[in-house]
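Okay, structure first, notes after.
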Amino acid sequence: MTSEDNLVRLEKHGAVGVITVDNPPVNALSPGVPEGILAAVDAGNADPAVKAMVLIGAGRSFIAGADIRQFGKGRPRPSRRTHDVLEASGKPVVAAIHGFALGGGLENALGCHYRIAVASAKVGLPEILIGLLPGGGGTQRLPRLIGPQLALDLIVSGRHVPADEAKDMGILDRVIPADGDLLKAAIAFAEEIADVRPLRRVGEMTAALPDGPDIFEAKKQEIARKARNQIAPYNCIAAVKAATELPFAEGLLRERELFGELENSDESKALRYAFFAEREAQKLPDVPKGTPIRKIETAAVVGAGTMGGGIAMCFADAGIPVKVLEASQEALDKGFERIRNNYAVSVKRGSLTAEAMEERMALLEKSTSYDEIGQCDVVIEAVFEEMSVKQAVFKELDRVMKPDALLLSNTSALDIDQIAEATSRPEEVGGAHFFSPANVMKLLEVVKGAKTKPEVTASTMALGKLIAKAPAACGNCDGFLANRSRAPFNSEMVIMLEEGCMPEQVDKVMVDFGYPMGPFAVGDLAGLDIGYAGRKRRAEADPNYRKLPIADKLVEMGRYGQKTGAGWFKYEKGDRTPHPDPVVADLIKTMSEEMGNTPRPFTDDEILKRLLFSSVNEACKILEEKIAYRASDVDIMWLYGFGFPRYRGGLMFWADGLGVQDVYNQIAAWHQQYGERWAPSALLRRLADTKTSFREAHTLVK
Ligand code: 3HC
Ligand code: NAI
């Protein structure tokens with residue numbers, strides 16, 4: 001038996017009916033799949049020769065969940081739901097899991113009477129990550145199967161759980177080796193339990209609450225800071241709570257009701273957008289299909305400073321041996337000490353075992369000679385931000401590196417083409433821009449130089465995935481995509497002080513908006529001297545450069561941020577909490593008066609828009625210059641590089657929510673008021689004229 005469009009088939013293997021879902025690439029529950037499963041279960045039950053059934057996925061995975069593209073389309077709810085029908089089946093069904101059983105995938109597996117998986121499989125209910133809750137019975141069955149506390153942890157984190165751990169929790173009944181024959185093992189399992197009665201139905205179990213404190217209130221408190229402005233986490237908690245209070249059927253109704261509140265929420269729309277934006281970022285229109293991707297098995301990093309050390313850790317964390325080259329043995333030893341200390345902090349926090357730390361350290365190898373790194377598949381340069389130093393390094397890399405090695409620079413703002421010119425193979429050179437701390441921040445900005453081969457760009461993107469980063473590509477310009485689009489925000493926040501705003505007000509607005517920290521506190525953390533040096537360099541090069549005298553003065557007073565105990569804020573010894581400082585308030589007042597300004601009040605709305613609109617305008621210029629492929633790549637960079645709240649989708653998605661016309665009108669008004677720095681980009685004007693959204697902006701760029 002096969003469903004209409006071949007998405008689901010039922011085949012008999014002796015007395016076992018095998019239901020195979022075949023909807024590449026990940027067997028999402030797209031239209032036709034649930035119908036196919038229902039028909040197959042009915043057919044299996046109706047066939048006297050079938051004693052038990054197996055539910056399995058074709059290709060690389062079990063079922064990865066509902067088809068996310070279908071949400072919000074107003075499709076009618078089916079009267080019969082697959083997880084209920086599987087559970088109600090008169091003949092036992094065994095879910096056979098490889099790859100991923102996520103969301104609706106795991107929910108269907110929970111509807112089955114038994115679950116078997118290969119060791120490499122992962123299971124989870126990640127709906128919260130797209131602003132939803134498990135709406136296919138998951139919030140009612142999982143607490144019944146493994147207890148409310150564990151279920152709450154899994155549903156509220158959305159974590160993918162490896163098979164062995166899932167077996168320990170009680171989600172899986174059996175795990176076979178990763179290279180085992182899953183279908184064969186599942187059929188054998190089904191034959192073994194074919195006659196066991198009564199059937200084990202999770203919906204018939206009870207979700208008993210442990211004695212002690214209220215686990216739901218505790219969870220709310222645990223997530224309060226991270227989940228501010230969001231509703232899905234709280235609906236997830238409410239749904240699991242319902243499993244402990246209501247009979248199963250009523251719990252399902254409550255789950256459906258809570259799901260209904262989320263499906264069309266702004267939060268879910270933004271998170272679903274971010275999910276697809278991340279995948280879209282992998283598609284590079286100027287890289288021909290079939291472009292070979294180079295294999296990366298060994299790596300080298302030049303420079304073991306702040307960034308080089310963090311980058312080397314990324315390779316070690318991914319299990320890739322990495323050689324680290326420094327100018328001197330002393331610098332090398334210092335760099336390794338810093339790496340070891342970083343790992344030790346993770347061990348202390350309990351996020352890494354001491355054993356894993358030693359395994360990672362063992363993958364790191366010290367080097368002081370270029371000849372030792374020549375055979376590595378990739379080299380990432382992270383030396384001082386000076387063109388002459390970078391060029392000298394690339395000259396050496398050109399001399400020693402094997403022909404097909406990727407030659408990448410972590411420069412923040414230097415011209416990749418000029419760096420590439422130091423080699424005889426500029427087509428092999430590109431940018432791999434990490435964000436600080438490199439071992440933590442997920443963004444990898446992949447920069448294409450004028451001569452960079454598509455194969456090198458595509459391979460650098462793949463390298464990003466390999467080391468668990470979120471890679472996104474862009475062209476070569478001062479600051480590349482991420483920092484260039486962020487630069488006006490960084491200026492505007494200081495310029496607002498000249499008009500009477502205070503750092504603590506700005507920080508509060510941005511934290512309330514959803515950033516983990518305010519921008520002034522971030523500046524204090526990163527060190528204010530870095531921006532100071534950059535401003536001096538730019539002011540020397542450009543007589544029209546908009547100076548930031550208040551920020552400069554602060555640094556000249558020796559206030560570099562946390563490292564000197566004071567910056568925009570002051571800090572108590574050993575404490576990272578920022579405290580407003582009257583010294584700064586006085587400085588702002590005095591200097592703004594010297595500039596001829598009369599301090600005025602700011603609304604929160606103005607602060608937010610002044611910061612973000614300045615960057616939206618710059619992003620439009622970047623799109624127009626074809627430095628960015630599409631607005632969603634800007635969003636990925638802001639989400640993963642700058643901590644923009646994911647549930648707002650990203651800078652450009654957020655701006656779309658306000659409407660292109662309104663954004664344009666405000667920018668045009670500020671252009672009148674403040675002059676050239678607010679001149680609307682030509683693309684922004686065209687978007688407004690043609691009523692085109694930011695997300696579609698690339699369609700107007702020829
Ligand atoms: N719906 C629609 N498309 C999906 C999808 C889904 N659930 N899961 C993956 N895809 C698509 C991707 O967009 C991508 O398409 P593309 O090739 O056109 O870009 C393709 O499948 C392959 O996906 P990935 O590139 O992400 O492949 P990976 O191997 O890196 O990752 C994965 C696989 C871990 C399954 C990852 O795709 C993933 O996390 N998917 C989403 C899982 C999820 O959130 N499930 C819950 C859905 S909500 C739900 O079930 C509601 C229910 O409770 C009612
Ligand atoms: P850093 O000063 O901490 O480290 C630079 C290291 O390079 C030093 O250890 C130095 O000894 C070594 N070095 C210098 N010349 C060398 C040479 N010829 N051969 C081998 N090693 C050499 O600097 P940091 O902050 O790590 O920056 C490195 C690069 O990363 C720069 O290009 C910077 O712009 C970029 N970057 C920095 C970020 C940050 O937040 N610090 C963020 C993203 C990129």
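All of the numbers you see were taken from the coordinates with simple rules; none came from a lab. Bear in mind that the values here come from a model prediction, so they are computed numbers and not experimental data. Quick reminder, even Gly has a Cβ in these numbers, built from the backbone with ideal geometry, and neighbours come from all protein chains shown.
Positive end of the dipole of the chain (Cβ unit charges, origin at the Cα centre): among Tyr640, Ala697, Gln230, the Cα lying farthest that way belongs to Ala697. Farthest towards the positive end of the charge dipole of the chain, among the residues Leu352, Val175, Ala58, is the Cα of Ala58, using unit charges on the Cβ of Lys, Arg, Asp and Glu. Here the chain is treated with +1 on each Lys and Arg Cβ and -1 on each Asp and Glu Cβ, and its dipole about the Cα centre works out to around 720 debye.
With the cut-off at 1.5 for a/c, could you classify the stretch 22-178 from its C-alpha gyration tensor as rounded, prolate or oblate?
On the way: a/c = 1.44, a/b = 1.11, b/c = 1.30.
Rounded.
Exposure proxy for Ser367, Ser485: other Cβ atoms within 10 Å of each Cβ, ordered fewest to most, give Ser367, Ser485.
Dipole orientation for the stretch 415-562: of the candidates Pro471, Met502, Ser491, Pro471 has the Cα lying most toward the positive pole (charges on Cβ; Lys, Arg +1; Asp, Glu -1).
Restriction of the GluC sites (Glu not before Pro) in the stretch 561-624 to DSSP coil positions whose beta-carbon has at most 12 other beta-carbons within 10 angstrom yields Glu572. Reducing the stretch 572-600 and the stretch 629-701 to their Cα centroids gives an inter-centroid distance of 31 Å. Relative to the longest principal axis of the C-alpha atoms of the chain, give the angle of the C-alpha long axis of helix 266-280, reported between 0 and 90° and rounded to the nearest 10°. On a 0 to 90 degree scale, this one is about 80. GluC sites (Glu not before Pro), restricted to the stretch 342-406: which are DSSP loop and have at most 16 other Cβ atoms within 10 Å? The qualifying sites are Glu386.
Pairs of alpha-carbon atoms within less than 8 angstrom and 6+ residues apart define the contacts here; what relative contact order does the stretch 299-478 have, in percent? Intermediate values should be presented prior to the final figure.
On the way: 348 pairs, mean separation 36.1, N = 180.
Relative CO of the stretch 299-478 lands at 20 percent.
Shape verdict for the stretch 142-298, please, from the Cα gyration tensor: rounded (a/c under 1.5), prolate (a/b greater than b/c) or oblate.
oblate
Taking the beta-carbon count within 10 Å as an exposure proxy, list Val446, Val389 from fewest neighbours to most.
On the way: Val446 28, Val389 15.
Sorted ascending by nearby Cβ count, the order is Val389, Val446.
Counting lysine pairs in the stretch 164-280 that sit 8 or more residues apart in sequence, or on different chains, and whose Cα atoms lie under 21 Å apart gives 5.
Which value in deg cm²/dmol, rounded to the nearest 500, describes the helix-derived mean residue ellipticity at 222 nm for the chain, given -39,500 (n - 2.57) per DSSP H run of n ≥ 4 and division by the residue count? Display every interim value, and only then the final one.
Details: 28 runs with 334 residues, N = 702.
Estimated from H runs of four or more residues: -14500 deg cm²/dmol.
Taking Cα atoms only, the orientation of helix 306-317 departs from the longest principal axis of the chain by about 20 degrees. Neighbour counting of Cβ atoms within 10 Å sorts the residues Leu199, Leu133, Leu687, fewest neighbours leading, into Leu199, Leu687, Leu133.
Restricting the stretch 332-378 to chymotrypsin sites (Phe, Trp or Tyr not before Pro) that sit in a DSSP loop and have at most 15 other Cβ atoms within 10 Å of their own Cβ leaves nothing.
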